[in-house]
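The values are calculated or read from the model by the stated rules, or taken from the named source; none is laboratory data. Keep in mind the model is a prediction, meaning the values are calculated, not measured. No Cβ is skipped: glycine too gets one built from the backbone with ideal geometry, and neighbour counts run over all protein chains shown.
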Amino acid sequence: MTLNIKQLNKNYGENIIFKQFNVELKENTINCILGPSGCGKTTLLNIIAKLDKDFIGKLEGFKDKTFSYIFQEPRLLNWFSVYKNLQVILKDHENREKIIDKYLKMVGLYEYRYYYPHQLSGGMKQRLSIARAFAFKSDILLMDEPFKGLDPKLKKNLIDSFINLWKQDKRTIIFVTHDIDEAILLGDDIFIFKERPISKMVNVNIDIDRKNRNLENEIIRGKKSIIYSILVKDEE
Amino acid sequence: MNKNFLKFSAIVFWVVVWWVMAKMANTFILPSPNETLKALYYIVLNKGFLAIITASLARIIIGFIISSIIGLVLGVLAGLYEKFEIFINPIITVIKSIPVISLILIILFWVKSDMTPLVVCFLMCLPVMYNNIYDGIKNVDSNLINMATLYKMNKLDTIKNIYFHSIKPYLFAATKTCLNLGFRVTVAAEVLSNPKYGLGTQLFDSKIYLNMADLFAYTVIIVTLSYIFEITLKYIIKKNTLKGVIYDVKH
């Protein structure tokens, strides 16, 4: 099953972001979009999520799909506790309490369920945002650089939490990042964006089991240098 | 030096200034603090005193509550729907621009003198409440609204879970301004409309009978009541602001 974006054109005034852009994304895998900051990755996610409707082009396979979204910043409701932040998006859900408890335990926030967001660290807030995205039953999960600006240890913890959640619930992921390591550790397919206007991209498939994915692995290092050379070549 | 001691000293200083000035001037023009206190004592002991302050407070509170409810509904609607804002804006601007005295005199023609202060209080507070709520709605974080849309939160839940909490600071600011304003305009309207019971009526009578001590005593009562309102409101705001900040053990 595939999700297609065809002939996408998008601009902000005279600033052209996408020009006749096409991409084919695979369902139930982690599709990673890698590119420099400000190249239009977030714009693409917002178009897919229907948060931005001002574009020309065709989205095939996205109709009737539901989305959850892990934003760059956690976007939590600061006036509600950790628990209530999940409760409000699962309004009519059966077994709501069980689902909330399950996901809070999975991201290690169960003990903090009555805390308020301002009492949590940056990493904990982002873990809550990840739990929210998984607790909400969606077909497609969009992720917009959720690990940006976090220290390496925390980032690794979050990536592990994320992989654990995804292994139990393999929904389609569209993951945007500018970090090659993140892309290699998480992605099944990596789509490398060129600078604006984006009209074509290079697709690298990471065909390695996630258990063996670490940055010291020979093959991973090889893939990393290929991706790096594509990005550098693009810049030239 | 202790801040409270400084505050107390400042009050004592100004009372002494008042006392000295009263000594120099004619009692008829400026009653001294002890004369004012004496007048205050007799006023408070008077049988009708409770009816007087109850009548004034009822007008202020009812006027404020009506303006809050209507201002809240109109402000939310105008903040969410541009067409409604265009529709309602002219009347709000007109009410806002009318001088209080004109408004009191106009309303006095239309309704009974007992009701005039309440209606004036309502009309003066309405634009303040409306404008604050409107600003609050306009300043809600659009990122949170996007999040709510994405997670299929319906309009009513979005208002309840996001808009309401985001506009709280604006609501508190408006409440503070409205109660302060409500106090002043209600008493002013009572002075002009002369209802049977009311602090404004008493002010007017004191002036007519050239009883400066009573006039001062009633002014002290009005200022004290206004201060009690403000402290109560501050306490409510503090309690509500802490909610969501302090670790909450209950679920």
Inset, instruction - For the range B:171-178, state whether one or more residues are within 14 Å of chain A (Cβ to nearest Cβ) and under 30 Å from A:Lys84 (Cα atoms). - result: yes
Inset, instruction - Please give the number of the condition B:Phe172 fails out of (1) within 30 Å of B:Lys239 (Cα to Cα); (2) surrounded by 22 or more Cβ atoms within 10 Å (Cβ to Cβ); (3) aromatic (Phe, Trp, Tyr). - result: (2)
Inset, instruction - Answer yes or no: is there a residue in the range A:218-229 that is modelled with pLDDT of 85 or more, surrounded by 19 or more Cβ atoms within 10 Å (Cβ to Cβ) and away from chain B (no Cβ under 14 Å). - result: no
Legend entry - Residues of the range B:8-30 that turn out to be more than 23 Å from B:Leu210 (Cα to Cα) and not in a helix (DSSP H, G or I), as a count: 0
Inset, instruction - Only residues that are crowded, with 20+ Cβ neighbours inside 10 Å and β-branched (Val, Ile, Thr): list them for the range B:176-220, please. - result: B:Val185, B:Thr186, B:Val187, B:Thr201
Inset, instruction - Confirm whether A:Lys137 is charged (D, E, K, R), within 21 Å of A:Lys26 (Cβ to Cβ) and either in a strand (DSSP E or B) or modelled with pLDDT of 85 or more (or both). - result: yes
Inset, instruction - Could you tell me whether the range B:151-167 includes any residue that is more than 14 Å from every other protein chain (Cβ to nearest Cβ), within 20 Å of the chain's Cα centre (by Cα) and under 30 Å from A:Leu76 (Cα atoms)? - result: no
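Per-residue answers, yes or no, for (1) away from every other protein chain (no Cβ under 13 Å); (2) touching a residue at least 40 places away in the same chain (Cβ under 8 Å); (3) not in a helix (DSSP H, G or I):
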position	(1), (2), (3)
A:Tyr103	yes, yes, no
A:Leu128	no, yes, no
A:Lys148	yes, yes, yes
A:Asn157	yes, no, no
Legend entry - Among (1) free of Cβ contacts under 8 Å to residues at least 24 places away in the same chain; (2) in contact with a helix residue (DSSP H, G or I) (Cβ under 7 Å, 6 or more places away or on another chain) - the single one A:Asn46 does not satisfy: (2)
Legend entry - Identity of the residue in the range B:179-199, touching a Lys or Arg at 6+ places or on another chain (Cβ under 9 Å) and in a helix (DSSP H, G or I), that ends up nearest to the other protein chains (Cβ to nearest Cβ): B:Gly182
Legend entry - Hits in the range A:20-43 - residues which are crowded, with 19+ Cβ neighbours inside 10 Å and either acidic (Asp, Glu) or part of a loop (DSSP other than H, G, I, E, B) (or both): A:Gly35, A:Cys39, A:Gly40
Inset, instruction - Scan the range B:197-209 and give yes if some residue there is acidic (Asp, Glu) and more than 30 Å from A:Ser68 (Cα to Cα), otherwise no. - result: yes
Inset, instruction - Tally the residues that are of a type outside the set (A, V, I, L, M, F, W, C) and either in contact with an Asp or Glu (Cβ under 8 Å, 6 or more places away or on another chain) or not in a helix (DSSP H, G or I) (or both), restricting the search to the range B:68-83. - result: 2
Inset, instruction - Quick one: A:Asn95 ticks every box in (1) modelled with pLDDT of 90 or more; (2) away from chain B (no Cβ under 12 Å) except a single one, so which number is it? - result: (1)
Inset, instruction - Test B:Val140 against the criterion of being more than 9 Å from chain A (Cβ to nearest Cβ), buried (at least 17 other Cβ atoms within 10 Å of the Cβ) and not in a helix (DSSP H, G or I), and give yes or no. - result: yes
Legend entry - Any hit, the range A:69-82, residues being of a type outside the set (Asp, Glu), more than 11 Å from chain B (Cβ to nearest Cβ) and part of a strand (DSSP E or B): no
Inset, instruction - May I ask you to verify whether A:Glu73 is surrounded by fewer than 18 Cβ atoms within 10 Å (Cβ to Cβ) and over 26 Å from B:Ile167 (Cα atoms)? - result: no
Legend entry - B:Ile231 vs. criteria free of Cβ contacts under 8 Å to residues at least 40 places away in the same chain, aliphatic (A, V, I, L, M) and farther than 29 Å from B:Leu37 by Cα: no
Inset, instruction - Looking only at the range A:107-122, count how many residues are away from every other protein chain (no Cβ under 11 Å), at negative phi and surrounded by fewer than 19 Cβ atoms within 10 Å (Cβ to Cβ). - result: 5
